[in-house]
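A.B. asks: What follows is a structure written as structure tokens; I'll ask about it next.
The values are calculated or read from the model by the stated rules, or taken from the named source; none is laboratory data. Remember, it's a predicted structure, so these values are computed and weren't measured experimentally. Glycine also receives a Cβ, built like all others from the backbone with ideal geometry; neighbour counts cover every protein chain displayed.
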Amino acid sequence: MNKYKPLFILLALLLIIPYLATPLKASPEEKELKFELMVLSWDGLSVTAGEVIAEQLKKVGIKVEVSALDDAVMYPRIDKRDYDAEEMAYGVDPIPTYFYDRFHSSQDFEGGNNAWSYHNPEVDKLLDQAFSTGDVNKAKELFHRAEALIAEDVPYIPLFLAKDVHAFAKGWKNWTVMPAGPISPYNKLTPIYIYNEDGKDTMVIRYPSAPEPLSPMAADNGRALYYCSLVYDTLIAYDPHLKPIPWLAKSWEISDDGKTITFHLREGVKWHDGKPLTSEDVAFTFNYIKEKKVTGGIYTVHLIRLLDSVETPDEHTVVVHLKSPFPFALHVFGYTFIVPKHIWEKIDEYDWPASKAPEYAVGSGPFKFVKYVEGEYLELARFDDWWGKKPNIKRLIIKIIKEDESTILQIKKGEVTTFRYGLMSPGLIKAVRKDPDLQVVEAIDQWDYLLAFNNKRWPFTIKEVRQAIAYAIDKKEIVKKLLDVGIITDNYVFEQWYGDWANPNVPKYEYNPEKAKELLRKAGFVDVDGDGILEYAPEKAKPTTPSPTKTQTVQPTTQKPTPTPTTTEKPSGPDMTLVAGVIILIIIVLAALWYLKKR
Amino acid sequence: MLEVKDLRVWFPARTSFWQSLKGVSRYVKAVDGVSFTIKRGEVLALVGESGSGKTTTGKAILRLIEPTSGEVWFEGVNVLSLNKKELKEFRRKAQIIFQDPFESLDPRMTIYDIVAEPLKVNKVYGSADEEYDAVAKALEDVRLVPPEDFMTRFPHELSGGQRQRVAIARALILRPKFIVADEPVSMLDASIRTQILELMEDLRKEYGLTYLFITHDLAQARYTSDRIAVMYLGRIMEIGPTEEVVSNPLHPYTKVLISHVPIPDPKLAKSRKKIDVPGETPSPIDLPPGCRFYPRCPFAREVCKEEPQLIEVEPGRWVSCHLVRS
Amino acid sequence: MGFKEYVARRLLSSLVTFFLIIVLNFFIFRIMPGDPTRTIARDARLLPEQRELLKKRFGLDRPLWDQFILYLVNLFRGDLGLSFQYRGTPVVEVILGRRMLNTFLLMGSSIAVALVIGMTLGTIAAWKRGSKADIAAIIFSLVTYSIPTFWMGMLLILVFGYYLDWIPISGTITTGVEYQTFWEYAADYLHHMVGPMVTLVISFIGYHFLLMRNSLLDVFTEDYMLTAIAKGLSTRTILFKHAMRNALLPMISVMALEVVYLFSGATATETVFTWQGLGLLIYESVVKQDYPVLQGIFIFMALAVLTANFVADVVYALVDPRIRYG
């Protein structure tokens, strides 16, 4: 083995040499059009899409270096806005509050969801108005206008919505498909209506890891929230099109100013321990969340912000007063897990450990907590005194299985019914789709993949560059490479989730590499050294010089001068890779010498 | 008592992968045709530089290493043809004392266990008391007194000289007739070497032992032995009565060896002429054809390119050299 | 230096090391950049007052020095803080209980079985070195040692779990079963343990085999092995009484190192079989950046390694008479 060590050293040297050579090619004034694209290493879709994008952009002269990073590395860089571009999935839920979080300039703080540092005062104004009105129609119109402006600016490029690919064991029937799939915290219908043709009365749902925290006030991940959606009732539920339907509340009214919501509760509703559920419990739940500044649950952040006071005129009426109107206030209060006052008034720390569940896990939902074997499974039983339609299954077991492959095998054996999260690996999806032993269900998932730019960093400070990239990307090819596990979208508000909240007429960027090249040349990019990668050279990019593009439709530039790269944060001194390369080289040589001397 | 005939011990040499593919196999010829006899009660010193094959010869005679070919006749039987049971019987009669007393004793056994083990294996005594007495006697024989002080101790607690005494006691406990002493004092301090050698001589007289005394030190050989056999690169160069060989060496190699023996008297040492030999001992893998000493021999002639035979040139004196004729 | 003093010194140095690890363990996780509340609740929308409350809940609102003192005080009271991923659950509760027991039983039995099989095979192979059986065993060991356990586990699941339906595919017990007796539970548990255990035993055997074989081959070259042969001992006596006893010494330190596995688990195997042990916990805690749990596991591991090494040192001193206390 030692004999080959010099060989390895030589190999390492060979790998270093390109690093030493590259920075010498272009002069510093003529900056190459290149950037680093971060993708999430464990997400196959993110990585593959990133690679396809890099290929596509290379064709129009943009050099993309894809780095696949772990979230522990990637997220902090995004939080600190220390990146060029990134491509991964963001999440949405039944109310498009993300539209504010992603595009309002106030959300561009460290860790804020406006990760692209998008600032447009006009958009800010529209969003402020949209999110402070109780008038849903007015809010929709403001949404449309904001989305049109955003699509013109392209702070990021929406790519596709992932498909939720679910497999069910043979014999199971009658699940409900809706956005985020048949098994999701927003889907209260599947566990009630699903049944097994062969008379099996136990449904087993696979989780990839533990369901904790079991407290509905601390539940902050999809596993915990799904468990809570089974054990705890909410005032409203969602139909397959995500429209609110009566649940604990049989009806509701919203005042004209949008500042008061009145819920009329169902009568004769019981907690799992037999005590009656009243408006007192609902009021207690809202107040508890506000007082304790609870971090779990689905819309609690908005609830804490909006709640002014709760009134309980009688046992079955709850009147909620808001501090300010909010177009999604019904969802915020309606889709909150209601907890029993007689148990929770004793609970000081809302994030209690799972070992407390036998005592604390009392809800009013269709299933009640039976037991939790740490790390193994969570057993629920049908609550026979539930107010609604009796579920067809008698038991619901949440089983923890780490591996997707093992899960599929157990579904084929009939030991497991289905799983909580849709499959992520394209290879496995391909295998599952053609497996005759499985029933495959595909729905729109809640993960939207996007290509984000750091709008504060050159070259993304230039709008034409962002637009050119939008034209240069062929989303059809990306989705095809991903075995069709995504649904292409050009919208920033998704029609598939939010219906007419989405603007049907946003500017679309159809795949057009010629147009992309033209836009880049207008922005001052031209291939100076003939290596296929464009450089920023505004003088040479003037239409008077012979242009390499065939299209003669280019108009003389009347655009305002684009910002020069001198304002960017990139160091203009010696390239850091050169310095690093030389240091590594020296270290390797020293190590080799030391090693040889030792021998 | 012991006759060694044309003993050969060849070890397969490590060859390169490529050579083994081509079917080339090579051997280290550690012992390559050694013949000699030892008479009852005699001490034969086997002398040679390191790598000459003298230790291998000693071990091969006792079948601690399996010889490649040859014969070893001990009291009328060929040792090399003994079966397991007969071999066990043979080991009662022929024993060995190793060079390094630091390594030859099992570090995890007490002195008593080390010395008593041969008794146990051969079921010499029926009772523990008899065995104890025998061990005590053996330790007294090698002057480890009082024996009780040593029995419960471990080898690492003893000095080198004490350990070698234990090794001797262990070797002698079954009352063997023949002992191979493989450089028994070379690892010891000079001050105790003589003590051990004297002890061995005393024991030889007491029990009527026969020794094959292996050493690289001619002075030691002269001090202890009746006859000397000189080995070089796996072959015997010269055999003869000790005094004659030392005072009148016949083989050029013996002459070189003797000229390098340190002499205590500085005057005498100055007056003597050392014979220098060029080059280094060749590897036992790539042996030169002809006389093994030929490439380095200061008296080499053309005829030396042929292999010489061990011939009795004078009564009792055998030499393997073309230049020495009776 | 006496034995007692030696033990006392080793104990003291172990304690000092442990304290240094405790200190290091605290600061390593505090050096990490970023706001820890962002790893507790990765919701960018959290209001500033919510973040403040979270910090308070996890004791992150105090100055670093206060946190350190509190950490030490709590440590001696057996309190390792609250887990991030299992929000509000004490770290001790997460680590001890089922998870530690699962890892202990799986790793303990796998190592024990692999040790026995590996060492037996190693002994046989060393004795018959160069034979076909030896070469076959070496190839088997190298192959099983280098096969990724993850892949091997998957293969076992597919063949024995799915097609043949002999073993369960995942977990430590059957879901949703009420056991009537403890034995029913134990039988179910052991049935689930077959898969991961076979995987681990196969991957551990090679290592123990090669180690034992090499250790024995080293012993075989020692002179006291020749002494043992010269004594006329039987093959079995030589092998088990002399060779094994000495070859086992290096195995003691190996076993001490393997104690770490009892606490670190085997991440790959535990993951494939969803065997909820400490290996899987470490993996998930790294992914979810659950620093308090990692900190807790490291403390347990450090404690285990130090204890095991201390015990190994003492055992070594007891069984090997050569150890000099120093």
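A.B. asks: Could you please tell me which pairs satisfy a Cβ distance under 6 Å, a separation of 6+ or placement on different chains, a first residue in segment A:504-531 that is closer than 20 Å to A:Pro459 by Cβ, and a second residue that is of a type in the set (Ser, Thr, Tyr) and not in a loop (DSSP other than H, G, I, E, B)?
C.D. replies: Partner pairs satisfying both residue conditions: A:Tyr509/A:Tyr471; A:Asn512/A:Tyr471; A:Lys515/A:Tyr471; A:Ala516/A:Tyr471; A:Gly524/A:Tyr536; A:Phe525/A:Tyr536.
A.B. asks: Sticking with this one: Being among the polar types (S, T, N, Q) and either modelled with pLDDT of 95 or more or under 22 Å from A:Thr202 (Cβ atoms) (or both) is the filter here, so list the residues in segment C:169-194 that pass it.
C.D. replies: C:Ser170, C:Thr172, C:Thr174, C:Thr175, C:Gln180
Every residue, every condition in (1) away from chain C (no Cβ under 14 Å); (2) touching a Ser or Thr at 6+ places or on another chain (Cβ under 6 Å); (3) crowded, with 20+ Cβ neighbours inside 10 Å, yes or no:
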| residue | (1), (2), (3) |
| --- | --- |
| A:Ile289 | no, yes, yes |
| A:Glu315 | yes, yes, no |
| A:His331 | yes, no, yes |
| A:Val339 | yes, yes, yes |
| A:His342 | yes, no, no |
| A:Ala354 | no, no, yes |
| A:Phe369 | no, no, yes |
| A:Arg382 | no, no, no |
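A.B. asks: For A:Gly91, all conditions in the list (1) free of Cβ contacts under 8 Å to residues at least 40 places away in the same chain; (2) closer than 22 Å to A:Asp445 by Cα; (3) out of contact with any Lys or Arg (no Cβ under 9 Å at 6 or more places or on another chain) hold save one; what is the number of the exception?
C.D. replies: With respect to (1) free of Cβ contacts under 8 Å to residues at least 40 places away in the same chain; (2) closer than 22 Å to A:Asp445 by Cα; (3) out of contact with any Lys or Arg (no Cβ under 9 Å at 6 or more places or on another chain), A:Gly91 is out only on (1).
Listed here are the residues, each with its yes/no results for (1) within 26 Å of B:Lys177 (Cα to Cα); (2) assigned to a helix (DSSP H, G or I).
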{"site": "B:Ser191", "(1), (2)": "no, yes"}
{"site": "B:Ile196", "(1), (2)": "yes, yes"}
{"site": "B:Leu199", "(1), (2)": "yes, yes"}
{"site": "B:Met231", "(1), (2)": "yes, no"}
{"site": "B:Val245", "(1), (2)": "no, yes"}
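A.B. asks: Please go through (1) within 29 Å of the chain's Cα centre (by Cα); (2) without any contact (Cβ under 8 Å) to a residue 40 or more places away in the chain for A:Lys371 and return the number of the only condition it doesn't satisfy.
C.D. replies: Tallying (1) within 29 Å of the chain's Cα centre (by Cα); (2) without any contact (Cβ under 8 Å) to a residue 40 or more places away in the chain, A:Lys371 fails exactly one: (1).
A.B. asks: On to the next question. Among the listed residues A:Lys259, A:Lys250, A:Lys275, A:Lys188, identify the single one that is away from chain C (no Cβ under 14 Å) and closer than 20 Å to A:Leu306 by Cβ.
C.D. replies: Checking each option against the conditions leaves just A:Lys259.
A.B. asks: I've got another one for you. Which condition number does A:Val493 fail, the rest of (1) touching a helix residue (DSSP H, G or I) at 6+ places or on another chain (Cβ under 6 Å); (2) within 19 Å of A:His241 (Cα to Cα); (3) in a helix (DSSP H, G or I) being met?
C.D. replies: Looking at each condition in turn, A:Val493 falls short on (3).
A.B. asks: On to the next question. Taking segment C:293-326, which residues are within 13 Å of another protein chain (Cβ to nearest Cβ) and modelled with pLDDT of 85 or more?
C.D. replies: C:Val293, C:Leu294
A.B. asks: Still on this structure, I have one more. Here are the criteria: (1) buried (at least 17 other Cβ atoms within 10 Å of the Cβ); (2) more than 11 Å from chain C (Cβ to nearest Cβ). Tell me which single one B:Val145 does not satisfy.
C.D. replies: B:Val145 satisfies every listed condition except (1).
A.B. asks: While we're looking at this one, here's another question. Select from segment A:434-451 the residues that are among the hydrophobic types (A, V, I, L, M, F, W, C) and more than 22 Å from the chain's Cα centre (by Cα) and write down the one among them that is surrounded by the fewest Cβ atoms within 10 Å (Cβ to Cβ).
C.D. replies: A:Val440
A.B. asks: Right, next: Residues C:Gly118, C:Gly171, C:Gly161: which one is within 14 Å of chain A (Cβ to nearest Cβ), touching a residue at least 12 places away in the same chain (Cβ under 8 Å), under 28 Å from the mean Cα position of the chain (by Cα) and not in a loop (DSSP other than H, G, I, E, B)?
C.D. replies: Sole residue among the options that is within 14 Å of chain A (Cβ to nearest Cβ), touching a residue at least 12 places away in the same chain (Cβ under 8 Å), under 28 Å from the mean Cα position of the chain (by Cα) and not in a loop (DSSP other than H, G, I, E, B): C:Gly161.
A.B. asks: Kindly indicate which of B:Arg170, B:Arg165 is crowded, with 23+ Cβ neighbours inside 10 Å, within 25 Å of C:Thr221 (Cβ to Cβ) and away from chain C (no Cβ under 14 Å).
C.D. replies: Answer to the check: B:Arg165.
A.B. asks: OK, next. Which one of the conditions (1) surrounded by 19 or more Cβ atoms within 10 Å (Cβ to Cβ); (2) farther than 30 Å from C:Glu284 by Cα; (3) in contact (Cβ under 8 Å) with a residue 60 or more places away in the chain; (4) within 14 Å of chain C (Cβ to nearest Cβ) does A:Leu303 fail to meet, given that it meets all the rest?
C.D. replies: Of (1) surrounded by 19 or more Cβ atoms within 10 Å (Cβ to Cβ); (2) farther than 30 Å from C:Glu284 by Cα; (3) in contact (Cβ under 8 Å) with a residue 60 or more places away in the chain; (4) within 14 Å of chain C (Cβ to nearest Cβ), only one is false for A:Leu303: (3).
A.B. asks: Which residues, taken from segment A:93-122, are of a type in the set (A, V, I, L, M, F, W, C) and surrounded by fewer than 21 Cβ atoms within 10 Å (Cβ to Cβ)?
C.D. replies: A:Phe109
A.B. asks: Working carefully through the options B:Ala138, B:Ala116, B:Ala94, find the one that is surrounded by 22 or more Cβ atoms within 10 Å (Cβ to Cβ) and touching a Leu at 6+ places or on another chain (Cβ under 6 Å).
C.D. replies: Selected residue: B:Ala94, the only one of B:Ala138, B:Ala116, B:Ala94 that is surrounded by 22 or more Cβ atoms within 10 Å (Cβ to Cβ) and touching a Leu at 6+ places or on another chain (Cβ under 6 Å).
A.B. asks: Here is a list: B:Ile65, B:Ile96. Which entry is modelled with pLDDT of 90 or more and of a type in the set (A, V, I, L, M, F, W, C)?
C.D. replies: B:Ile96
A.B. asks: Return the residue satisfying two criteria in turn: it lies in segment A:388-433 and is hydrophobic (A, V, I, L, M, F, W, C) and surrounded by fewer than 18 Cβ atoms within 10 Å (Cβ to Cβ), and of such residues it is nearest to A:Trp271 (Cα to Cα).
C.D. replies: Filtering segment A:388-433 for residues that are hydrophobic (A, V, I, L, M, F, W, C) and surrounded by fewer than 18 Cβ atoms within 10 Å (Cβ to Cβ), the one nearest to A:Trp271 (Cα to Cα) comes out as A:Leu428.
A.B. asks: Has segment B:120-131 got any residue that is modelled with pLDDT of 85 or more, basic (Lys, Arg) and surrounded by fewer than 16 Cβ atoms within 10 Å (Cβ to Cβ)?
C.D. replies: Taking every residue of segment B:120-131 in turn, at least one turns out to be modelled with pLDDT of 85 or more, basic (Lys, Arg) and surrounded by fewer than 16 Cβ atoms within 10 Å (Cβ to Cβ).
A.B. asks: Would you please name the residue that is surrounded by the most Cβ atoms within 10 Å (Cβ to Cβ), looking only at residues in segment A:205-258 that are within 24 Å of A:Leu396 (Cα to Cα) and among the aromatic types (Phe, Trp, Tyr)?
C.D. replies: Selected residue: A:Tyr227.
A.B. asks: Please report, ordered by residue number, the helices (runs of 4 or more DSSP H) entirely within segment C:196-284 with at least 2 residues that are at pLDDT below 80.
C.D. replies: So the answer is C:245-264.
A.B. asks: Any residue in segment C:264-292 that is facing another protein chain (nearest Cβ under 9 Å) and touching a residue at least 12 places away in the same chain (Cβ under 8 Å) sitting within a Cβ distance under 6 Å of a residue that is part of a loop (DSSP other than H, G, I, E, B) and among the basic types (Lys, Arg)? List the pairs, counting only those 6 or more apart or interchain.
C.D. replies: C:Thr271/A:Lys402; C:Thr274/A:Lys402
A.B. asks: Now for a different question. Just give me the residues in segment B:76-117 being over 19 Å from the mean Cα position of the chain (by Cα), under 21 Å from B:Phe178 (Cβ atoms) and either charged (D, E, K, R) or facing another protein chain (nearest Cβ under 7 Å) (or both), in sequence order.
C.D. replies: Result: B:Lys84, B:Lys85, B:Glu86, B:Lys88, B:Glu89, B:Glu117.
A.B. asks: What number of residues within segment B:271-326 satisfy the criterion of being under 22 Å from the mean Cα position of the chain (by Cα), part of a loop (DSSP other than H, G, I, E, B), at pLDDT 80 or above and within 17 Å of B:Ser52 (Cβ to Cβ)?
C.D. replies: The total comes to 4.
A.B. asks: Of all the residues that make up segment C:121-150, how many are within 30 Å of C:Glu270 (Cβ to Cβ) and outside any helix (DSSP H, G or I)?
C.D. replies: 2
A.B. asks: Select the helices (runs of 4 or more DSSP H) contained entirely in segment C:15-108, then report the ones holding at least 2 residues which are within 12 Å of another protein chain (Cβ to nearest Cβ) and either at negative phi or buried (at least 19 other Cβ atoms within 10 Å of the Cβ) (or both).
C.D. replies: Per the criteria, C:37-40, C:48-57, C:91-95.
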